[in-house]
Amino acid sequence: MKRLHIHIAVKNLSESIGFYSTLLGSPPTAAREDYAKWNLHDPAVNFAISMRGHSIGINHLGFQVDSEEELREISERLDKASMPSTKQENASCCYSRSNKHWTLDPQGIAWESFHTVGHIDVFGEDTQAKSEENASVCCIPLHNENVENETECCIPNENEVTGCCS
């Protein structure tokens, strides 16, 4: 089964938890001081909000899958369509350890397909942006064709407008 994933960067977590709990008719299934998530069955969605240094608004969209086979199917579709994507194995971000595939839609919105393999006590470890100022921000790694040395890049946030980690 695939579950739609929506992650929104918010200004005030407590206020947003109140709003989304009312809207979704349920309290969060996971809540931390900087993050909350609702794993809903009706509608089938993994909805997350956080205050982690990204610009307020849609952080990224995606699909949470139940198996590595489902994740591989999505990756193969992206490859067959020659859509640029980035693979992460055993990535730790958003209090979870997951295998992931990332791509950008034509508008530049990041799409994450992921299979969660475990949970961790920190927001992220190896997916952090590579600057001290943004050390607590999980990086959304994507290939940026506009970069001469073909480095992996991060989705832009309010502190990093180029989209690439320095």
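The values are calculated or read from the model by the stated rules, or taken from the named source; none is laboratory data. Given the structure is predicted, the values throughout are model-derived calculations rather than measurements. Virtual Cβ from ideal backbone geometry, glycine too; neighbours counted across all protein chains shown. Note: areas computed on protein heavy atoms with side chains; ligands, DNA, RNA excluded. Shrake-Rupley method; radii C 1.70, N 1.55, O 1.52, S 1.80 Å.
Got a sec? Which of 42, 66 is open to solvent by 40 Å² or more (accessible area, probe 1.4 Å), at pLDDT 90 or above and over 18 Å from residue 109 (Cα atoms)?
Going through 42, 66 in turn, just one is open to solvent by 40 Å² or more (accessible area, probe 1.4 Å), at pLDDT 90 or above and over 18 Å from residue 109 (Cα atoms): 66.
Which pairs turn up if I take residues in the range 80-103 that are free of Cβ contacts under 8 Å to residues at least 12 places away in the same chain and look for partners that are part of a strand (DSSP E or B) and not small (Gly, Ala, Ser) with beta carbon separation below 9 Å, at least 6 apart in sequence or on another chain?
Matching pairs, first to second residue: 89/99; 89/100.
Would you call residue 83 open to solvent by 70 Å² or more (accessible area, probe 1.4 Å) and in contact with a helix residue (DSSP H, G or I) (Cβ under 8 Å, 6 or more places away or on another chain)?
No, not satisfied.
All but one of (1) under 28 Å from residue 13 (Cα atoms); (2) of a type in the set (D, E, K, R); (3) more than 18 Å from the chain's Cα centre (by Cα) hold for residue 79, so report the exception by its number.
It is condition (1) that residue 79 fails.
Taking the condition out of contact with any Asp or Glu (no Cβ under 7 Å at 6 or more places or on another chain), modelled with pLDDT under 90 and aliphatic (A, V, I, L, M), does residue 51 pass?
no
From 23, 13, 4, 40, grab the single residue that is farther than 29 Å from residue 69 by Cα and touching a residue at least 12 places away in the same chain (Cβ under 8 Å).
Residue meeting the stated conditions: 13.
Mind counting the residues in the range 95-130 that are within 21 Å of residue 57 (Cβ to Cβ), open to solvent by 40 Å² or more (accessible area, probe 1.4 Å) and at pLDDT 85 or above?
1
Test each condition in (1) touching a strand residue (DSSP E or B) at 6+ places or on another chain (Cβ under 7 Å); (2) under 17 Å from residue 118 (Cα atoms) for residue 31 and report the one that comes out false.
(1)
Please determine, by comparing only the residues of the range 18-39 that are under 18 Å from the mean Cα position of the chain (by Cα) and aliphatic (A, V, I, L, M), which one is most open to solvent (accessible area, probe 1.4 Å).
31
Name every residue in the range 77-102 that is hydrophobic (A, V, I, L, M, F, W, C) and in contact with a His (Cβ under 9 Å, 6 or more places away or on another chain), in order of residue number.
78, 94, 102
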